[in-house]
Amino acid sequence: MKHLLSLEKLPNADIEKIMRDSAIFKRERARVDRKPLAGQHWALIFTKSSTRTRVSFEVGIRELGGEVMFLSANDIQLGRGEPIKDTARVLGRMIHGAVIRTFAQNDVEEFAEFSKIPTINALTDDEHPCQILADIFTFKEKHGPIVGKVVTFVGDGACNVPRSWIWAAAKLGFELRIAAPKKFQPPAELLKRAGGKIVCTEDLEKAAKGADLLYTDVWVSMGKEAESAARIKALQNYQINQSLVKLANPRALVMHCLPAYRGKEIDDETFEANADTIFAQAENRLHVQKAILSWVVAK
Ligand code: CP
Ligand code: NVA
């Protein structure tokens, strides 16, 4: 039984397979004979909002021949306190796979354990593996292999997106620089566990120098709304803008996982100048997740 619960636990050979298959799914989207989910019912169980992840999984599952139901956690008994392990044991007897977006990483792990069906992490507070796989695929498409390159993450360096970048850097052999105020840097214990070449710094300009990719994410992640004002104040200098781009490699890509807040983590000019890359990232969620779904159901 395979799951995609975190990048931490995804072996390199499987990452490589997903990358190869993503390219095929993208190139051959019009083909209708590849249906590894035929006869299957999948559920998307979401406790947090989503545009890209929800739509790309719904379309992807259908294109692979499966049926899909969207379950907002607030609409099912989970929202009224039914334990995850009971929900998992019920659904595991009825459906063939689950895609889960929620807060605690442990909830996704527990669902996988008790449901005994393939389970995919569609974002938790700890990781956003599908996003980072799509980002790496996008980088490769535009710039070639990521090994040996420099990726600079700017902003809230402690949230799910940079945490998944940390695992990717350690596994795939590129340098990751995280530019963030001390309070928004990832925990030392996580960096130690991951290994790899990862530098955390408050010095934004130093972090951007010569980078091959400048990447950012929202300053206020889902679930952190109560800290909104304090976060905006603390992170106000950690923005990707034209003067930062000038410090990077002249061919550097600028990426954003979206949704974007212009004037906060990125300025409008820089966002629009890099819209082609940013929306390719969004589109690639579909192709990469079709590769993930195919991988997860393969024997
Ligand atoms: N990037 C991303 O996961 O977007 P959604 O929150 O819209 O799914
Ligand atoms: N860090 C963001 C990612 C959104 C796709 C959040 O968790 O809200």
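Pairs please, first residue from segment 241-268 and of a type in the set (Lys, Arg), second anywhere and assigned to a loop (DSSP other than H, G, I, E, B), Cβ atoms under 9 Å, 6+ apart in sequence or on different chains. Every condition considered, the pairs that remain are Arg251/Asp212; Lys264/Gly155; Lys264/Val218; Lys264/Trp219; Lys264/Val220; Lys264/Leu235; Lys264/Gln236; Lys264/Gln239. Report those strands (runs of 3 or more DSSP E) wholly inside segment 170-223 carrying at least 2 residues which are more than 15 Å from Asn241 (Cα to Cα). In segment 170-223, the matching strands (runs of 3 or more DSSP E) lie at 175-179, 198-201. In this structure, does Lys233 turn out to be part of a helix (DSSP H, G or I), under 28 Å from Val99 (Cα atoms) and modelled with pLDDT of 95 or more? No; evaluated as a whole, the condition is false for this residue.
For every residue, the table says whether it meets (1) among the small types (Gly, Ala, Ser); (2) buried (at least 22 other Cβ atoms within 10 Å of the Cβ).
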position	(1), (2)
Ala230	yes, no
Lys246	no, no
Leu253	no, yes
Pro259	no, no
Glu272	no, no
Val288	no, yes
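Among the numbered conditions (1) more than 16 Å from ligand 1 (Cβ to nearest atom); (2) under 26 Å from Ala73 (Cα atoms); (3) open to solvent by 10 Å² or more (accessible area, probe 1.4 Å), the only one that Gly144 does not meet is (2). Across segment 49-82, the number of residues qualifying as over 23 Å from Pro129 (Cα atoms) and touching a residue at least 60 places away in the same chain (Cβ under 8 Å) comes to 0.
Restricting attention to segment 35-46 and to residues that are surrounded by fewer than 21 Cβ atoms within 10 Å (Cβ to Cβ), on the phi < 0 side of the Ramachandran plot and free of Cβ contacts under 8 Å to residues at least 60 places away in the same chain, the residue that is nearest to ligand 1 (Cβ to nearest atom) turns out to be His41.
Counting only residues that are buried (at least 21 other Cβ atoms within 10 Å of the Cβ) and within 20 Å of Leu7 (Cβ to Cβ), segment 199-228 holds 6 of them.
When Lys85, Lys17, Lys2, Lys26 are screened for being away from ligand 2 (no atom under 16 Å from the Cβ) and without any contact (Cβ under 8 Å) to a residue 60 or more places away in the chain, only Lys85 passes.
The values are calculated or read from the model by the stated rules, or taken from the named source; none is laboratory data. Nothing here was measured: the structure is a model prediction, and the numbers come from that model. Cβ: placed from backbone, ideal geometry, glycine included. Neighbour counts: every protein chain shown. Remember, those area values only see protein heavy atoms, side chains included, never the ligands or the DNA or RNA. Shrake-Rupley method; radii C 1.70, N 1.55, O 1.52, S 1.80 Å.
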